[in-house]
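Quick notes on the structure that follows.
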Amino acid sequence: MDGSLNPNKHLKEQFVSNLSGSSMLEIAVMSTVVPLLFVLRHSIFSSYQSVTPTKKNDHDNAVLGSKKLGNYMATLTVDFLFTVLPMLLIFTVLADWVYIFAIPMMVLVFSVVAAKRVDASNYSGGSLSLRTNVSSYRVLVMTITFLCILAVDFKIFPRRHAKTETYGTGLMDLGVGSFILANALVSRQARSVSLVNWKAAVQSTSPLLLLGFARLLTTRSVDYQVHTGEYGVHWNFFFTLAAVSILTSIINIPPQYSGIFGVAILIGFQYWLSHGLNVYLLSDERGTDILSKNKEGIFSILGYWGLYLVGVQLGYYLFFGNRPTTALRTIKWARVRVSFISLVFWLVTVLLDRHVERVSRRMCNLAYVTLVLAQNLQVLPIFFLF
């Protein structure tokens with residue numbers, strides 16, 4: 001491109017364009033194998049504990065600081081070797097072997113977990129709390145997002161895992177939806193914490209808006225390749241997060257009913273898509289107004305907002321809602337409930353994909369939302385094996 005600061009811009013845009021994704025089966029298998037790495041790491045190294053001295057003098061404080069640093073570095077090394085590095089290999093050079101690894105990995109992890117639970121002396125700590133397990137799940141979402149964003153520009157990263165152009169189920173398509181759902185499950189709304197007014201909501205989302213404008217300015221200033229079919233000309237992921245946050249704060253819906261409201265939004269939006277809006281959003285034609293230039297990002301807010309509201313009610317029901325008995329909040333029952341709901345969403349996703357409209361992250365249609373819910377709720381029960 002003449003006069004461009006990035007002479008390979010067009011080639012890089014082509015490298016991440018016109019992709020159709022992988023299969024739902026591969027997504028489901030990877031959603032099983034990857035979190036099992038976290039379970040395996042915890043099961044093997046959970047007994048590693050730091051030792052603290054009882055005396056409080058300068059020498060002991062120095063020794064304690066040294067041990068803390070040593071423990072931190074040891075933990076960091078173990079996390080990298082047993083979680084980050086295997087994940088990176090699964091996403092790249094071992095991507096074609098994921099089906100072969102799935103069953104042996106499941107057998108290994110379940111054997112280790114079962115052995116730890118039978119051996120009471122080694123498994124004295126009991127199961128981790130729901131809060132800890134959900135936090136581990138959110139860490140997984142962030143880690144996968146970072147690894148894929150860094151790897152997608154390299155040929156070693158399979159093209160089927162990159163974001164799809166129009167319809168399809170690529171691994172990276174799940175990123176933005178998973179991020180929104182992970183936030184919704186533990187949000188203030190799901191925890192029934194008193195909501196802030198819209199002015200405070202705008203202030204709390206100002207960092208997201210600043211990040212959105214910063215990304216827009218930096219990509220423009222260095223002429224970095226931006227695939228406009230993803231969000232539009234100016235829109236990006238941070239603007240979507242900010243918009244969902246502001247809408248949720250302005251329209252205060254009790255968590256007990258937010259899922260119903262979210263489903264209504266999603267069904268209405270899908271009806272709109274099926275009656276012509278999808279043709280407009282998937283077309284390459286753009287007008288001169290802001291709405292037309294950013295049609296994908298702006299209209300998909302409805303889908304992501306519906307997803308967020310459904311996630312709020314799921315978080316309230318599964319983890320934070322008032323129950324007549326504490327047994328419903330145990331790890332065992334949480335695992336059963338989440339697994340059942342995940343199975344239901346997988347079945348709904350297949351039906352929607354075949355009979356209504358194929359999965360499309362670009363529009364955030366109903367099939368995409370149910371896919372995100374199914375995949376993420378499949379991952380959560382695996383963390384409850386801790």
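The values are calculated or read from the model by the stated rules, or taken from the named source; none is laboratory data. Bear in mind the structure is a predicted one, so any value in this text is a computation, not a measurement. Because the Cβ atoms are built from the backbone with ideal geometry, glycine has one as well, and the counts that use them run over all protein chains shown. For accessibility, only protein heavy atoms count, side chains too; no ligands or nucleic acids. Shrake-Rupley method; radii C 1.70, N 1.55, O 1.52, S 1.80 Å.
Miscellaneous remarks
- So residue 253, is it touching a helix residue (DSSP H, G or I) at 6+ places or on another chain (Cβ under 8 Å), aliphatic (A, V, I, L, M) and outside any helix (DSSP H, G or I): yes
- Checking each residue in the stretch 135-168 for being open to solvent by less than 10 Å² (accessible area, probe 1.4 Å) and β-branched (Val, Ile, Thr) picks out only 164.
- Extreme residue, farthest from residue 320 (Cα to Cα), among residues of the stretch 250-295 that are of a type in the set (Gly, Ala, Ser), modelled with pLDDT under 95 and open to solvent by 20 Å² or more (accessible area, probe 1.4 Å): 287
- Residues satisfying the stated conditions in the stretch 141-168, i.e. assigned to a helix (DSSP H, G or I) and under 26 Å from residue 185 (Cα atoms): 141, 142, 143, 144, 145, 146, 147, 148, 149, 161
- Flag if residue 319 is touching a helix residue (DSSP H, G or I) at 6+ places or on another chain (Cβ under 7 Å), modelled with pLDDT under 95 and either in a loop (DSSP other than H, G, I, E, B) or surrounded by fewer than 17 Cβ atoms within 10 Å (Cβ to Cβ) (or both): no
Quick grid of which residues meet (1) hydroxyl-bearing (Ser, Thr, Tyr); (2) in contact (Cβ under 8 Å) with a residue 12 or more places away in the chain; (3) farther than 19 Å from residue 262 by Cα:
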{"position": "337", "(1), (2), (3)": "no, yes, yes"}
{"position": "349", "(1), (2), (3)": "yes, yes, no"}
{"position": "358", "(1), (2), (3)": "no, yes, yes"}
{"position": "369", "(1), (2), (3)": "no, yes, no"}
{"position": "372", "(1), (2), (3)": "no, yes, no"}
{"position": "377", "(1), (2), (3)": "no, yes, no"}
{"position": "381", "(1), (2), (3)": "no, yes, yes"}
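- Whenever a residue of the stretch 282-308 is free of Cβ contacts under 8 Å to residues at least 24 places away in the same chain, its partners that are open to solvent by 40 Å² or more (accessible area, probe 1.4 Å) and not hydroxyl-bearing (Ser, Thr, Tyr), lying with C-beta atoms within less than 8 angstrom and at least six residues away or across chains, give the pairs 287/293; 291/298; 292/286.
- Among the residues of the stretch 230-254, those identified as under 21 Å from the mean Cα position of the chain (by Cα) and of a type outside the set (Val, Ile, Thr) are 230, 231, 235, 236, 237, 238, 239, 241, 242, 243, 245, 247.
- The one condition from (1) over 24 Å from the mean Cα position of the chain (by Cα); (2) among the hydrophobic types (A, V, I, L, M, F, W, C); (3) open to solvent by less than 10 Å² (accessible area, probe 1.4 Å) that residue 356 does not meet is (3).
- Test: residue 153 is of a type in the set (Asp, Glu) and at pLDDT below 90: yes
- Meets criteria (in a loop (DSSP other than H, G, I, E, B), at pLDDT 95 or above and not hydrophobic (A, V, I, L, M, F, W, C)) for residue 357: yes
- Looking across 377, 352, 343, one residue alone is out of contact with any Cys (no Cβ under 7 Å at 6 or more places or on another chain) and either closer than 23 Å to residue 272 by Cα or among the polar types (S, T, N, Q) (or both). It is 352.
- Residue 221 open to solvent by 30 Å² or more (accessible area, probe 1.4 Å) and within 21 Å of residue 305 (Cβ to Cβ): no
- Residue check for residue 70: modelled with pLDDT under 85, open to solvent by less than 70 Å² (accessible area, probe 1.4 Å) and assigned to a helix (DSSP H, G or I): yes
- For the stretch 169-193, filtering for residues that are crowded, with 19+ Cβ neighbours inside 10 Å, in contact with a Phe, Trp or Tyr (Cβ under 6 Å, 6 or more places away or on another chain) and not in a helix (DSSP H, G or I) leaves 1.
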